[in-house]
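The values are calculated or read from the model by the stated rules, or taken from the named source; none is laboratory data. Quantities reported herein were computed from a predicted structural model and do not represent experimental measurements. When we count neighbours, we look across all protein chains shown, and the Cβ atoms used for this are built from the backbone with ideal geometry, even at glycine. Only protein heavy atoms, including side chains, enter the accessible area calculation; ligands, DNA and RNA are left aside. Shrake-Rupley method; radii C 1.70, N 1.55, O 1.52, S 1.80 Å.
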Amino acid sequence: MAIVHPNATLTPSKRELMDAWLPTRSWYDGQERKPVGSFRFDDPAGEVGLEGFLLGAEGASTLFLPQTYRGAELAGAEDHLIGTTEHSVLGPRWVYDGCGDPVFLRSLVHAILTGGTGADHEFDVGNGQESQATNAQVRGSGGAPADADVPEIDAVGCHDEGPLTIVDAGPLELVIARIVGAPVEAAQTLTVSWKGGSDVVIAGVRPA
């Protein structure tokens with residue numbers, strides 16, 4: 001489950017990590033943005049935090065930044081490291097761009113192919129858990145059964161093409177819109193809805 005510790009602190013914060021990393025991206029235009037919506041996926045193994053951020057500002061395009069949170073380094077993913085932070089409950093966390101993390105990509109592919117959705121926040125309130133919907137909602141376009149096999153994703157290679165990131169994930173190729181609204185050419189897709197938009201395609205899957 002996507003468990004949130006409501007009283008925990010991150011040092012540096014997610015926003016500070018984003019602000020330092022975004023200027024290194026070719027698709028970033030230099031305009032400051034803040035999170036305007038986010039969604040989560042569940043890691044079936046319960047080890048990796050999976051979160052997708054929509055970053056916006058008045059008069060600017062909305063950006064999509066998926067992030068993963070790990071308790072240890074991800075071998076071979078140095079190029080995808082956004083930064084490290086200290087979680088006051090969980091300890092050190094390594095934060096990665098989701099486009100380079102196999103766990104996020106597998107959850108993304110599963111949602112797309114099965115028509116799946118994101119996970120609710122599960123708040124740890126000390127004497128139990130309370131659920132709360134995220135402020136962005138995603139849904140895949142596919143119709144495969146929820147228990148359908150999803151191709152294993154181990155090694156990941158990705159590169160940017162203008163406003164898109166193209167991910168080589170074994171038998172599949174993923175197209176991820178870093179600038180929300182950029183055309184995603186794929187038969188099966190993931191759409192997002194949030195306060196600033198409705199049913200906008202942000203990712204797609206196609207044969208490699």
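Take ALA136 and tell me if it is within 21 Å of GLN67 (Cβ to Cβ), in contact (Cβ under 8 Å) with a residue 12 or more places away in the chain and touching a Ser or Thr at 6+ places or on another chain (Cβ under 7 Å). Against the criterion (within 21 Å of GLN67 (Cβ to Cβ), in contact (Cβ under 8 Å) with a residue 12 or more places away in the chain and touching a Ser or Thr at 6+ places or on another chain (Cβ under 7 Å)), ALA136 qualifies. Among the residues of this structure, GLY162 does not count as one that is over 20 Å from ASP97 (Cβ atoms) and open to solvent by 40 Å² or more (accessible area, probe 1.4 Å). Under 9 Å by Cβ, and 6 or more places apart or on different chains, what pairs join a residue from segment 140-162 that is touching a residue at least 12 places away in the same chain (Cβ under 8 Å) with one that is open to solvent by 40 Å² or more (accessible area, probe 1.4 Å) and among the polar types (S, T, N, Q)? Pairs that qualify, where the first residue is touching a residue at least 12 places away in the same chain (Cβ under 8 Å) and the partner is open to solvent by 40 Å² or more (accessible area, probe 1.4 Å) and among the polar types (S, T, N, Q), are GLY140/THR117; GLY140/GLN188; SER141/GLN188; GLY142/GLN188; ASP160/SER26; GLY162/SER26.
Looking across segment 60-101, just one residue is aliphatic (A, V, I, L, M), touching a Gly at 6+ places or on another chain (Cβ under 6 Å) and over 16 Å from SER38 (Cβ atoms), and that is ALA77.
When ALA148, ALA186 are checked against the criterion of being more than 27 Å from ASP19 (Cβ to Cβ), in a loop (DSSP other than H, G, I, E, B) and modelled with pLDDT under 95, ALA148 stands alone in meeting it. Does VAL156 satisfy the criteria of being at pLDDT 95 or above and either surrounded by fewer than 19 Cβ atoms within 10 Å (Cβ to Cβ) or within 16 Å of the chain's Cα centre (by Cα) (or both)? In short, no.
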